[in-house]
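The values are calculated or read from the model by the stated rules, or taken from the named source; none is laboratory data. Owing to the predicted nature of the structure, the values given are computational and were not obtained by experimental measurement. Because the Cβ atoms are built from the backbone with ideal geometry, glycine has one as well, and the counts that use them run over all protein chains shown. Surface areas here come from the heavy atoms of the whole protein model, side chains and all, with no ligands, DNA or RNA. Shrake-Rupley method; radii C 1.70, N 1.55, O 1.52, S 1.80 Å.
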Amino acid sequence: MSHFSTVKTKLTNRECLIFALTDLNLSPQVHETAQPLKGYYGGSQGQSAEIIVSGRTIKARADIGFKWNQSSGVYDVIHDSYETVKKLGKDFFSNKLMLAYGQRMVRSIAAELQEQFGECAISEETNGTVQTLRLTFAGHQEVKQFARR
């Protein structure tokens with residue numbers, strides 16, 4: 001039976017989330033206040049979100065929503081797994097989205113650090129399931145490494 005489920009995440013940065021969804025060709029719709037989601041049967045089932053990926057974008061009958069959870073300070077994912085798993089794969093949220101989000105977060109941090117340390121080069125290396133983004137700053141000898149496992 002098709003229904004919306006809410007999943008807790010570690011997604012905290014609105015801009016990085018929006019860019020990550022865009023990088024994955026999901027064309028997110030961004031709203032200042034939560035808007036109703038379209039479910040499998042057409043209704044919202046009382047669910048709403050500020051960032052919405054239309055079901056039409058992934059050729060599904062239900063939207064995917066990212067709703068800000070004020071109490072936990074993260075975005076919750078609201079989706080119909082019956083639809084999203086078929087269209088995006090079972091590891092989409094835990095793997096593909098988190099990878100794209102992590103890359104955007106590292107680039108955001110690098111942009112902030114450039115003001116202190118000068119020009120920054122980012123190199124990527126993947127070894128199995130571990131992806132490493134290495135930041136090298138021209139005006140500084142220290143190399144900082146951020147790895148996502």
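Sorting the segments 92-101, 66-75 by their residues' average number of neighbouring beta-carbon atoms within 10 angstrom, most packed first, yields 92-101, 66-75. Convert 25 °C to kelvin, take the viscosity as 0.890 mPa s, use the Kirkwood radius over C-alpha pairs of segment 1-110 as Rh, and evaluate the Stokes-Einstein diffusion coefficient in µm²/s, rounded to a whole number. For the chosen part, D equals 177 µm²/s.
Counting only protein heavy atoms and a 1.4 Å probe, the chain has 59 square angstrom of accessible area per residue. Segment 66-106 has equivalent-ellipsoid semi-axes of 20, 16, 6 Å, by the square roots of 5 times the alpha carbon gyration tensor eigenvalues, sorted largest first.
Look at the alpha carbon pairs under 8 Å that are at least 6 residues apart: their mean separation over the length of the chain gives a relative contact order of 20 percent.
The residue among G73, G42, A20 whose Cα reaches farthest toward the positive pole of the charge dipole of the chain, with charges on the beta-carbon of Lys, Arg, Asp and Glu, is G42. With both labels modelled 7 Å from their Cα along Cα-to-Cβ, the R56 to N95 distance reads 3.0 nm. Here the accessible area is traced with a 1.4 Å probe on the protein chains. For segment 11-77, carbon and sulfur cover 48 percent of it.
Only Lys, Arg, Asp and Glu carry charge here, each on its Cβ (+1 for the first two, -1 for the last two); on that basis the chain has a dipole of about 600 debye about its Cα centre. Between H3 and S81, Y82, the built amide H atoms are under 5 Å apart, and every one of these is 5 or more places off in sequence or on another chain.
Exposed loop sites here mean GluC sites (Glu not before Pro) with a DSSP loop assignment and at most 14 other beta-carbon atoms within 10 Å; the chain contains its longest site-free run at 1-118.
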